[in-house]
Amino acid sequence: MKISLWMGALVLTGMTLSAPLSSSAQDSAAESEIVKSEQLPANGIWLENLNLVNMSQEYGSPNARKSVDSNPLTLGGVVYPHGVGTHAKSEVALLLNGSAKRFLAMVGVDDERAKAADASISFEVWVDGKKVASTGVLHGGATPKLLSVDLTGAKKLTLIVGDAEDGISDDHADWAGAVILLNPGAKAPTTVGVPIEPARLVIPAVSPTPQIHGPRIVGSTPGKPFLFLISATGAGPITYSARNLPAGLQIDGATGVISGSLKSAGEYSVTVTVKNSKGTASRKLTIVGGEHKLALTPPMGWNSWNVWAGNVDDAKVRAAADAMISSGLAAHGFQYVNIDDTWEGSRNPAGEILTNEKFPNMKSTSDYVHSKGLKIGIYSSPGPKTCAGFEASYQHEIQDANTYAAWGIDYLKHDWCSYGGIAKDNSLPELQKPYFMMRDALYQANRDILFSLCQYGMGDVWKWGAEVGGNCWRTTGDINDSWSSLHGIYSSQDGHEKYAGPGHWNDPDMLVVGAVGWGNPHPSHLTPNEQVLHISMWCMLSSPLLIGCDMSKMDAFTVALLSNDEALDINQDPLGKPAGRVANNEGLEVWSRKLWDGTTAVALVNSTIQTAAISVNWETIGVKGSQPVRDLWLHKDAGTFNSSYKVEVPAHGCVLIKIGKSAS
Ligand code: GAL
């Protein structure tokens, strides 16, 4: 194998060369001419002419002969007629079948980001599983580098752009003039994507015996309305009872709805019991009475945006509440039915917010949702307009909080949007100000309203979201149903775990399983295993679990994903300690967290495009000696292990396990 890396002088990367080095400065000069040329070299094929659908990237899409922002590919002032413009992090694999000779490309940050301080990337070339060339970190404006890699006999070529471990902002990456020189008469290489395999999960048989799910702890402000549906599965009819309910609350024995209003502050240990013809199940529910004790576990529910966007209306919200019950998801802990943007009308002469024609009577919508024991959420912005351009709360905060309370709203998503035009700058006080203001407005209302901050992570919101009263805060931009989006978002959460806990959670955005599509629903574009990874990681991260699909049209797979009680229990764990990443070996990752019952939850995540074995060592996760391991998607015990556990994980997939014996 021969590698040369040209940047004025010949540089070799520190690896064993399996063939004599023959590249010279002269060769490199000739190769530089090839990648700059309009003309295809003999037996060559431009990278841009391969199927780039399989090139992943975390912003935009791969552009043939253009930068990611669709400008001419330009490096160091030179325009390249050929090549691919991409964005970190990016990866594509090419099957060569031993029919190629050499790969050439000039690489760097496209000149459209030459001056951007955040632009920093690295390029790597892998051949048959070995890294054979890498540029190190390249900043915006740095001299581009020529990559020249011998492909003699090679089967697979992988091209990777990393983000230099500092986030992907401004990481516009060019594979300029990228060309594969083939043996005469050889067939063009094909690109490979992640295999679409059946998900690694077992859909369990529905058990007729009663079981209780959902939060084990719930809080409410004394004197304000309390509503909590006991989530329980089992053959109907089920009857419900509760022992030691605090003063002010009562339970409906037929529906399992606990309602009323707490008389006084305190922590109450209630025993909840459900019964049917097959048996009885009991468990403890802690009810906390205190000021603003909301979201003691992450909120679970549905939000209209990812499926309906601007097409949401009253009928769709009522249908979502119906489906939450009929699909059985409410019985697994899902409680909130949240209306996102585009419900807003104008204001009346008194300045009170009105709904638009899609929501003729918000109080009646809310009564309908509450009649099922579910809670209802709404959306606004601290600016004058919402993201979709509707009336928002600027200078009407108290009025709006009181209107929401009068309507019976339980949850507010407060989305920065046009407040960008009001804030003086991006300083911390300016970022916090509108959220302090809305927090105070919500606190003075005569109803508990969960406060969800949405400002995409600005100013490291995870460090101060709790201080401004946030029960959860978006940590990223909007999610979509692509691997790039999913991968970019979950991997950026590492390190944020220390800021979250009961009452205040990181929110890496809503779920994209099932039929999603922002007004034009289609089955999620995530592969089945990517969907398993998505749900596993959102559980591990203690993320709010807001379903983003049409719940009236869920297939058995989607229901299985959303109703895995063993996974949901991690999300709802009362200790509330989200996972962090404890190991990452070239995309084979281990995330771990401690649970309230003394066990440890571990996600073994494979972000590469090939099935791979991943192991977790007990010492990495603070565990000792012989430990039982349970596989939470196969719903079975994997055995007892002494110092580590190793398992095959599908490409873009996740194996979720629980290690240890429950002390509960
Ligand atoms: C975005 C927000 C989305 C959605 C949308 C509505 O800013 O991140 O989740 O709420 O606004 O316009």
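The values are calculated or read from the model by the stated rules, or taken from the named source; none is laboratory data. It should be emphasised that the depicted structure is a prediction, and the values quoted were computed from it without experimental measurement. Because the Cβ atoms are built from the backbone with ideal geometry, glycine has one as well, and the counts that use them run over all protein chains shown. Note: areas computed on protein heavy atoms with side chains; ligands, DNA, RNA excluded. Shrake-Rupley method; radii C 1.70, N 1.55, O 1.52, S 1.80 Å.
Near I203, once Lys and Arg are set to +1 and Asp and Glu to -1 for all other residues with Cβ below 15 Å from its Cβ, the sum equals -2. Counted by Cβ distance under 12 Å from S269, the other residues give a net charge of +3, where Lys and Arg count +1 and Asp and Glu count -1.
How would M437, M324 line up by accessible area, probe 1.4 Å, largest first?
Descending accessible area places them as M437, M324.
The value obtained for the chain, namely the Cα convex hull volume divided by the number of residues, is 160 Å³ per residue. Against the empirical 2.2 N^0.38 Å (N residues), the range 3-192 has a Cα radius of gyration ratio of 0.93. Rounded to the nearest 20, the size of the Cβ-charge dipole of the range 309-375 about its Cα centre is 200 debye, with Lys and Arg at +1 and Asp and Glu at -1. How charged is the neighbourhood of V257? Take every other residue with its Cβ under 12 Å from the Cβ of V257, and add Lys/Arg as +1 and Asp/Glu as -1. Overall, the nearby charge balance is +1.
Amide H contacts of A235: T209, each under 5 Å away and 5 or more positions distant or on a separate chain (H built 1.01 Å from N in the peptide plane; Pro and chain starts excluded). When only the Cβ of Lys, Arg, Asp and Glu is charged (+1, +1, -1, -1), the dipole of the chain relative to its Cα centre reaches about 1800 debye. Would you mind checking the range 485-510 for residues with the amide N under 19 Å from a putative spin-label position 7 Å along Cα→C-beta of T620? Those under the cut-off are 490-497. A Förster radius of 60 Å combined with the Cβ-Cβ distance from D460 to Y268 puts the calculated FRET efficiency at roughly 0.95. Note on the range 355-406: the alpha carbon radius of gyration divided by the globular reference 2.2 N^0.38 Å gives 1.24.
Once you charge only the Cβ atoms, +1 for Lys and Arg and -1 for Asp and Glu, what is the size of the charge dipole of the range 326-442 about its Cα centre, to the nearest 20 debye?
Rounded to the nearest 20 debye, it is 180 debye.
Once both labels are positioned 7 Å from their Cα atoms along Cα-to-Cβ, the gap between E38 and S662 label points is 7.0 nm.
Once you've got the Cα coordinates, tell me which of K131/K594; K433/K658; K66/K130 are over 32 Å apart.
K131/K594; K433/K658
Between N244 and A406, what FRET efficiency comes out of the Förster formula 1/(1 + (r/R0)^6) with R0 = 35 Å and r the beta carbon distance, rounded to 0.05? The formula returns an efficiency of 0.60 here. Could you grab the relative contact order for the chain? Cα pairs under 8 Å, six or more apart, rounded to a whole percent. 10 percent.
With the convex hull constructed from alpha-carbon coordinates only, the range 418-482 shows a mean projected area of 5.4 nm² over all directions. Holding the Cα-Cα limit at 20 Å, pick out from K284/K372; K463/K577; K316/K358 the pairs that are longer than that. Among K284/K372; K463/K577; K316/K358, the Cα-Cα distance tops 20 Å for K284/K372. Rg over Rh for the range 580-659 works out to 0.94, both radii taken from alpha-carbon positions and Rh defined as the Kirkwood radius. Cα to Cα, under 16 Å, and not fewer than 8 places away if on the same chain: which aspartates and glutamates meet these conditions relative to K413? Here the aspartates and glutamates satisfying the reach criterion relative to K413 are D340, D341, E344, E391, E397, D400, D440, D448, D478, D507, D509.
By the Cβ-Cβ criterion of under 4.7 Å, the unpaired cysteines of the chain are C454, C472, C539, C549, C654.
Solvent exposure of the chain, expressed per residue, is 38 Å² of accessible area, with all protein chains present and a 1.4 angstrom probe. What a 1.4 Å probe finds exposed on the chain is 52% carbon and sulfur by accessible area, rounded to a whole percent. Here's the picture: charge each Lys and Arg Cβ at +1 and each Asp and Glu Cβ at -1 in the range 300-571, and of N426, T365, S482 the one pushed furthest to the positive end of that dipole is T365. Along the charge dipole of the chain, Cβ charges K/R +1 and D/E -1, which of S264, A88, A323 sits furthest on the positive end? Positive-end residue among those listed: S264. Computed extension gain for L354 through Q26, at 0.36 nm per residue and net of the alpha carbon distance, reaches 110.7 nm.
For the pair I398 and S364, what calculated FRET efficiency results from E = 1/(1 + (r/R0)^6), where r is the Cβ-Cβ distance and R0 = 22 Å, to the nearest 0.05? Computed FRET efficiency for S364 and I398: 0.35.
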